[in-house]
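Worksheet: the structure to be examined is printed underneath.
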């Protein structure tokens, strides 16, 4: 689907979202759930659409039909309601079928490792196995600790630190296939990006240190390495649009990607948490051709 790149369909937008849209000169439509109270004011009134956030199927249909009818390129939701997030994701997949392949590459641990290793980016020793017998055989060559990841979706996997722990895992009839991969040791950063037309803008980079939020002394070097490896990953899978959160471990051998969480057109409310940045302004700024600028790194 092709559309006007300055047109955006917003799901349950807060007033500040619409204010940012107006300042940036974007063309907005909105979908509102009447149970949330009166909708923010938008001109003309025909651009205010009603939808049920709990009816994922109907909401997906509304989003797809509206985007097609008005040539809207972007569908965005800033929030955490499961129904709204799912509907936005399904709508984007229907409008852009090829997007599903990129999402698969990010969500499936086996595909992710294969793409990264073949591309020479964030190379990590890993193997996909389809049975417990195969896992037991391959594990003989993995030094402890190592990690086992089962199935697609967010998750760091189970860290196996000893043979007895691995034997206990094998006895549980674990889900197959799974991925065995080396354990990544080092400090960790989270890179939040928003992609638009295949361009990947870094919204935020934070260092994970429990729940503390404080400046990181060696921020410049860590920001450069983490940003570079994440952008390379998104290029490799062919991601065209959407919000992605990537965990990167800064190992002695260089940055290595540990986990990826894909949000598509939904931007979690916790994005850029603790940094003092306004993720709404940053994301919308990308669409308006105004990429975000630093400061880039805090700890959390």
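Here, each number is a calculation from the coordinates, and none is a lab measurement. If you're wondering where the values come from, they're calculated on a predicted model, not measured in any experiment. FYI the Cβ positions are ideal-geometry reconstructions off the backbone, even for glycines, and counts take in every protein chain you see.
Assorted remarks:
- The relative contact order of the stretch 1-131 comes to 23 percent, based on Cα pairs under 8 Å that sit 6 or more residues apart.
- With only the Cα atoms considered, the chain has a convex hull volume of 144 Å³ per residue.
- Legend: ranking of residues 32, 138 from fewest to most surrounding C-beta atoms inside 10 Å; resulting order 138, 32.
- With both labels modelled 7 Å from their Cα along Cα-to-Cβ, the residue 43 to residue 162 distance reads 7.1 nm.
- The sum of -39500 (n - 2.57) across all DSSP H runs of n ≥ 4, divided by the residue count of the chain, sets its helix-only mean residue ellipticity at 222 nm to -10500 deg cm²/dmol.
- 249, 230, 111 arranged by Cβ crowding within 10 Å, fewest neighbours leading: 111, 249, 230
- Angle of helix 109-119 to the longest C-alpha principal axis of the chain, folded into 0 to 90 degrees and rounded to 10: 80°.
- Gyration tensor (alpha-carbon) shape descriptor, the stretch 4-97, a/c threshold 1.5: oblate
- Three-way shape call for the stretch 85-165 based on the alpha-carbon gyration tensor, with the a/c threshold at 1.5: prolate
- Kirkwood Rh in Å, taken over the stretch 125-182 so that all alpha-carbon pairs contribute: 11.2 Å
- Which of 41, 200 has the fewest Cβ neighbours within 10 Å, and the rest in rising order: 41, 200
- Helix 82-95 and the longest principal axis of the C-alpha atoms of the chain enclose an angle of approximately 80°.
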